[in-house]
Amino acid sequence: MPTYETLPRFTTDLDRLTPAQRHRFRQAVHAFVDDLRTGRGRFRAGLREPRGFPES
């Protein structure tokens with residue numbers, strides 16, 4: 001049983017990604033899950049939001 005709900009907005013955005021963007025997205029998801037499993041308490045630098053990132 002999934003522990004999340006995929007919203008229509010997410011599916012639409014995912015479908016619009018190019019194959020290269022989709023590959024990078026899957027790499028980021030894999031890295032995120034790995035960081036959660038290790039329990040280091042921090043995410044690797046490439047997954048953290050840069051300072052001054054504009055809110056959408």
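The values are calculated or read from the model by the stated rules, or taken from the named source; none is laboratory data. Computed from a prediction, not measured in an experiment: that's the story for all the values here. Cβ placement follows ideal geometry from the backbone for every residue including glycine, while neighbour counts extend to all protein chains displayed. We work out accessible area using only protein heavy atoms, side chains counted, and drop any ligands, DNA or RNA first. Shrake-Rupley method; radii C 1.70, N 1.55, O 1.52, S 1.80 Å.
Accessible surface of Thr6, taken over heavy atoms with a 1.4 Å probe and every protein chain present, rounds to 70 Å².
Net length available on complete extension from Thr3 to Arg26 is 6.5 nm, with 0.36 nm assigned per residue and the Cα-Cα distance removed.
With the simple spin-label model, which puts each label point 7 Å out from Cα in the Cβ direction, the Phe10 to Arg37 separation comes to 1.9 nm.
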